[in-house]
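Below is one structure, written out as structure tokens, with a few remarks after it.
The values are calculated or read from the model by the stated rules, or taken from the named source; none is laboratory data. A quick note: this is a predicted structure, and the numbers were derived from the prediction, not measured. Cβ sites come from the backbone with ideal geometry, for glycine too, and all protein chains shown count toward neighbours. Accessible surface is based on the protein model in full, side chains and every heavy atom, while ligands, DNA and RNA are left aside. Shrake-Rupley method; radii C 1.70, N 1.55, O 1.52, S 1.80 Å.
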Amino acid sequence: MSKIQNNPLLKGASGMLGDVVVFREVRGKMVMSNRPKPSTNLTEQQVTTRAKFQRAVLYAKKQMESPLARAEYEAGITEKKFTAYVVAVTDYLKAPVVHEVDTSRYNGAVGDTIVIRATDDFKVIMVQVSVIGPDGALLEFGDAILTPETVDEWRYTATVANAATSGSKIAVTARDKAGNVTTAEKVI
């Protein structure tokens, strides 16, 4: 790949020259590269990946139509994600990550807290917690609240007493703006 700088003849040029060379602008710089070769025999994984990427593109285009969503994604622009559109595509392609489910402050009493650390490449919009008894019965379910002084710590406050905490399961679901969902479980 060649980079072209300060050439008034090629300023604003884009597209294919003959069947050999392609000109395009990448991050404000003119780039000359070999003509890409189209894939002919795609694997099942490639077909799946292309379909997911197409859905990501459609999602990003829809987000760019809304001034409010566009502004929100513009806030996520970085050196690597240089447009709101790229931020939206990446958000669609990457699910949130639940790093930790801390049950050290949960002893089964009403008011005890469960702390969840969850992140996303853009932002986590919701974390939900289920407390499941040792017998598999759902004891309680609700939304965790983002701790205001952090960017990744969510707290769930128990509303139902759980007499048998040993063997109980805490199930966590994190959701991002694009609708990606990640689940995690911890047995106490």
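Couple of notes before you dig in:
- Descending principal axes extents, segment 68-188, alpha-carbon based, whole Å: 52, 26, 21
- LEU42 sits with roughly 60 Å² accessible to a 1.4 Å probe, with DNA, RNA and ligands left out of the calculation.
- Each residue of segment 125-139 was assigned a 3J(HN,Hα) from its phi angle through the Karplus expression (A = 6.51, B = -1.76, C = 1.60, θ = phi - 60°), giving 9, 7, 10, 10, 10, 10, 10, 10, x, x, 8, x, 7, 6, 8 Hz with x at Gly and Pro.
- Label zone at SER104 (point 7 Å along Cα-to-Cβ), backbone N below 11 Å, segment 127-161: none
- Candidate cross-link partners of LYS177 among the aspartates and glutamates, defined by an alpha-carbon separation under 20 Å and a same-chain spacing of 8 or more, comprise GLU65, GLU72, GLU74, ASP91, ASP120, ASP121, ASP143, ASP152, GLU153.
- Computed with every protein chain present, the accessible area of GLU74 is close to 90 Å² [probe 1.4 Å].
- Mean ellipticity per residue at 222 nm, deg cm²/dmol - from DSSP H runs of n ≥ 4 across the chain, formula -39500 (n - 2.57): -7000 deg cm²/dmol
- Of the residues ILE170, ILE77, ILE132, the one with the largest accessible area comes first in the ranking ILE77, ILE132, ILE170, computed with a 1.4 Å probe on protein heavy atoms.
- Ligands, DNA and RNA are left out, and with a 1.4 angstrom probe the accessible area of the chain is 64 Å² per residue.
- Accessible surface of segment 68-143, 1.4 Å probe, proportion on carbon and sulfur as whole %: 55
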